[in-house]
Amino acid sequence: MDLMDSFAGRRVPPAVTDAGLALLLIAGCAATPLAIPPGGPELRAPDTWFLVLVLVSALPLAFHRRAPLPALLVMAAAAAALQGLHYIPQLSGPEGTSIGPTYVGVATGVFLTAVRSTPRTATLVVAALIPAAAVTESLLAPAGYRVTTLLIETVLLVAAWALGRLSRARAAIRNQALERAAAIEREQVANARAAVMEERARIARELHDIVAHNVSLMVVQTIAADRVQDRDSAKAHELHGTIEETGRATVTELRRLLDVLRTDEEAESDPNKEPPQPTIDALPALVESVRAAGLQVEFDTKGTPAELPAGSQLAVYRVVQEALTNTLKHAGHTHTALTVSWEPERHRLTLRLCDDGPRQGDETSRPPKPARGSGHGLVGMRERIGAVGGSLHTGNRPGGGYCVHAVVPLPSPEPDPQHEGHSPHASHPRPAGR
């Protein structure tokens, strides 16, 4: 049916397809008398009734989609009338078997009815209409050829009906497969969206902790600066500088929080009750913990450490934690290299973790899953790194294993105090309240 409804890879409207079939059948039936060789069966000369019956036997195909069974009945009746009036050769006679366009048209109608009709209608066709058409053709056949005509008509129409039902069954299976694939795709999209929202909510809660801590610290430092303002102006100025640094860091974290936060309300939990968030300084302890679990980790730090906001440090720690957990889960007790490179001149921190893949013969390691990046772990890592303005790249190594490469931007250097206001380390005192 797909082949009939398409041409050169382009979808053809159903009405055009049916009209084309009807015109083709009309042309074939009308040309039947011209195709009879000399000395063939004696037929009635074409006249007005011949043209009317030809049209009645073919035109119903143009409306077959709307009423399959009535169209088939009209076509079968017109074909029987053409044979009964001797306008077309007998299906089987002294001259042999002749399956002309009229019989092919009826078989086409049976095929399309089997494809487009309900199971009940299709059963009615094979149980009643086909036997009736076969008996009618056999009665119209010459004596001695009625059994042959009955068999030929039955085989022709039953074969057309079986092909139609088979085509319908294959189309139903294809549609079910497409629906299942679409449902699976929708489920995967929904799961990925839920994972993203869950990770963003978790990141938002963690950034909330950092912002709340910084604001509380600013309040304490402001009170302290106000109390020592009259006694020690230099100390007050130092406290104000610290407040300025803390405020800038808080504004940065607030921007990241707003980028991550969504319209969904936070879960009704008190984030202040959670333990302090880890930083980059906790990476050695994390590495030791996975070594104790059997993972062979080679940890290396390059460059001079630079200032990094608490949110960025937390993102780096969580990415390393997730990457090591995935390695232990998918590759087992394999060798892993973890490198943390500080690059102040390029204003970035580079993180690279690569494993060698599962070791052969290691019974303690689990077999790798076919799609390591299909879970929610990588989604969480990308969200964390993206929240601090960085980038994350993951993939299989050519020689085996898996790599996680992350880049986290370092804060830009402080602006020139002569052009951008006071520096936290300026030598002149500042009045309280600024």
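The values are calculated or read from the model by the stated rules, or taken from the named source; none is laboratory data. The structure presented is a predicted model; accordingly, all values stated were derived computationally and were not measured. Every residue, glycine as well, gets a Cβ built from its backbone with ideal geometry; the counts of neighbours run over all protein chains shown.
Here is a yes/no grid of residues against (1) modelled with pLDDT of 80 or more; (2) closer than 30 Å to Gln313 by Cα:
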residue	(1), (2)
Leu178	yes, no
Ala194	yes, yes
Val215	no, yes
Thr222	no, yes
Lys235	no, yes
Asp270	no, yes
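Being touching a residue at least 60 places away in the same chain (Cβ under 8 Å), surrounded by 11 or more Cβ atoms within 10 Å (Cβ to Cβ), within 23 Å of His86 (Cα to Cα) and assigned by TED's automatic domain parsing to the domain that holds Met75 is the requirement here; does Ile152 meet it?
On the way: touching a residue at least 60 places away in the same chain (Cβ under 8 Å): yes; surrounded by 11 or more Cβ atoms within 10 Å (Cβ to Cβ): yes; within 23 Å of His86 (Cα to Cα): yes; assigned by TED's automatic domain parsing to the domain that holds Met75: yes.
Criteria met by Ile152.
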Restricting the stretch 35-64 to residues that are of a type in the set (Gly, Ala, Ser) and outside any helix (DSSP H, G or I), the one modelled with the highest pLDDT turns out to be Ala45
Please work out which one of (1) at pLDDT 85 or above; (2) part of a helix (DSSP H, G or I) is the condition Ala15 fails and give its number. (1)
Which condition breaks for Gln90 when tested against (1) in a helix (DSSP H, G or I); (2) under 27 Å from Pro37 (Cβ atoms)? (1)
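Here are some residues: Ala160, Ala127, Ala172. Which one is free of Cβ contacts under 8 Å to residues at least 60 places away in the same chain, surrounded by 11 or more Cβ atoms within 10 Å (Cβ to Cβ) and in the same structural domain as Val104 (by TED's automatic domain parsing)?
Values: Ala127 fails: surrounded by 11 or more Cβ atoms within 10 Å (Cβ to Cβ); Ala172 fails: surrounded by 11 or more Cβ atoms within 10 Å (Cβ to Cβ).
Matching residue, one of Ala160, Ala127, Ala172: Ala160.
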Please verify whether the stretch 357-380 includes one or more residues that are modelled with pLDDT of 85 or more and surrounded by fewer than 18 Cβ atoms within 10 Å (Cβ to Cβ). no
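Within the stretch 288-326, how many residues turn out to be out of contact with any helix residue (DSSP H, G or I) (no Cβ under 8 Å at 6 or more places or on another chain) and either outside any loop (DSSP other than H, G, I, E, B) or crowded, with 21+ Cβ neighbours inside 10 Å (or both)? Talk me through it step by step, then tell me what you get.
Kept after step one, since they are out of contact with any helix residue (DSSP H, G or I) (no Cβ under 8 Å at 6 or more places or on another chain), are these residues of the stretch 288-326: 288-289, 291-292, 296, 298, 300-302, 307, 312.
So of that shortlist, the ones also either outside any loop (DSSP other than H, G, I, E, B) or crowded, with 21+ Cβ neighbours inside 10 Å (or both) come out as 288-289, 291-292, 296, 298, 300-302, 312.
Number satisfying all stated conditions: 10.
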Between a residue in the stretch 65-87 that is in the same structural domain as Gly164 (by TED's automatic domain parsing) and part of a loop (DSSP other than H, G, I, E, B) and any residue that is surrounded by 23 or more Cβ atoms within 10 Å (Cβ to Cβ) and of a type in the set (Val, Ile, Thr), which pairs come within a Cβ distance under 9 Å, given they are 6 or more apart or on different chains? Tyr87/Val54; Tyr87/Thr102
Only listed residue being surrounded by fewer than 21 Cβ atoms within 10 Å (Cβ to Cβ), closer than 22 Å to His86 by Cβ and touching a residue at least 24 places away in the same chain (Cβ under 8 Å), chosen from Thr102, Thr136: Thr136
Test: Ala114 is under 11 Å from Arg165 (Cα atoms) and surrounded by 20 or more Cβ atoms within 10 Å (Cβ to Cβ): yes
